[in-house]
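Every read-out reported here was derived from the displayed coordinates using simple, explicitly stated rules and does not represent laboratory data. Keep in mind that this is a model prediction, so the values were computed, not measured. Note: ideal-geometry Cβ built from the backbone for every residue, glycine included; neighbour counts use all protein chains shown.
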Amino acid sequence: KLNTLIEFVNVTKSYPNGDKVIDDFNLTVPVGEFLVITGKSGAGKTTLGRLLIHDIVPEKGKIIVDGEDLSKINPKKIPLLRRKVGFIFQDFKIIPDKTISENIAISLEIAGYNPNQIKGKIERLLTMVGIPNKGNLFPGQLAGGEIQRASIARAIACEPQFLFADEPTGNLDEETSIEIFDLLKKINTDGTTIIMATHDVTLIDLHKARHIHLEKGKIISDSKDKEKHKDKKEKLEPL
């Protein structure tokens, strides 16, 4: 099993006007990591997610997901790639005129689960994300935090290798944000690699996740480097 799940190598992506949104970007994400990416709006956080699902392609560099170089991927394999990725959006992207169960069922049907498997799986997912009796309700009948829990259930329904959570707490109050963050930590503990883009720096202090900060498409700081530096320093200092 590969230890590195995601690798960006010298990746550059520009806006149509020529400004670089991702600039000679390098990042390695090991299997099982919880990575938090912070940065102002426009720093490139969402673009990284879109590059990972091959929704957009870089002008330069390569992106490797689970050993597959996306620049050489056969178009027929893109749906399989997208099945490896669960995507959680700030604005939920839940279909308003379908119940919560129906919303989750759609992604399972697309992935080829049979109807007998789907019902039981949805019940387990809703219990796991903390809204066990809400499957027959419509999104409009739920609070914001409950809708986000439903969208997380949908994102993990097909058991993706990693989740990309794009500002998953952006529209929620502080208490609900912490609950959603705790839920993502639980999913990570169960073995799913998580990349969470956020501008909510308060969440990072709650969890010793790896944290990188982006500015203009470049990594300005990476807590992993600080850890390495700290380990070195501790070795050098006499006890």
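Structural remarks
- Net dipole in debye of the chain [+1 Lys, Arg Cβ; -1 Asp, Glu Cβ; about Cα centre; nearest 20]: 740
- What you get for segment 12-68, charging only the Cβ of Lys and Arg (+1) and of Asp and Glu (-1), is a dipole of about 200 debye around the Cα centre.
- Relative contact order, percent, segment 77-162 [alpha-carbon distance under 8 Å, six or more residues apart]: 47
- Amide H to amide H distances under 5 Å link A165 with I88, I195, M196, A197, where only residues 5 or more positions off or on other chains count and H is placed in the peptide plane.
- Measuring between alpha carbons in the structure, the pairs from K84/K226; K185/K218; K93/K185; K84/K134; K84/K185; K62/K84 lying more than 24 angstrom apart are K84/K226; K185/K218; K84/K134.
- Applying a DSSP loop filter and a limit of 11 other Cβ atoms within 10 Å to the GluC sites (Glu not before Pro) in segment 1-67 leaves E59.
- Counting only whole DSSP H helices of the chain, there are none at least 27 Å long by C-alpha along their axis and with mean Kyte-Doolittle hydropathy no lower than -1.0.
- Antiparallel bridges, percent of DSSP beta bridges restricted to the chain (to nearest 5): 50
- Within the chain, helix-based [θ] at 222 nm, where runs of 4 or more DSSP H residues each add -39,500 (n - 2.57), nearest 500: -10500 deg cm²/dmol
- Of K13/K224; K72/K186; K40/K60; K40/K224; K76/K98, pairs whose Cα-Cα distance is over 26 Å: K72/K186; K76/K98
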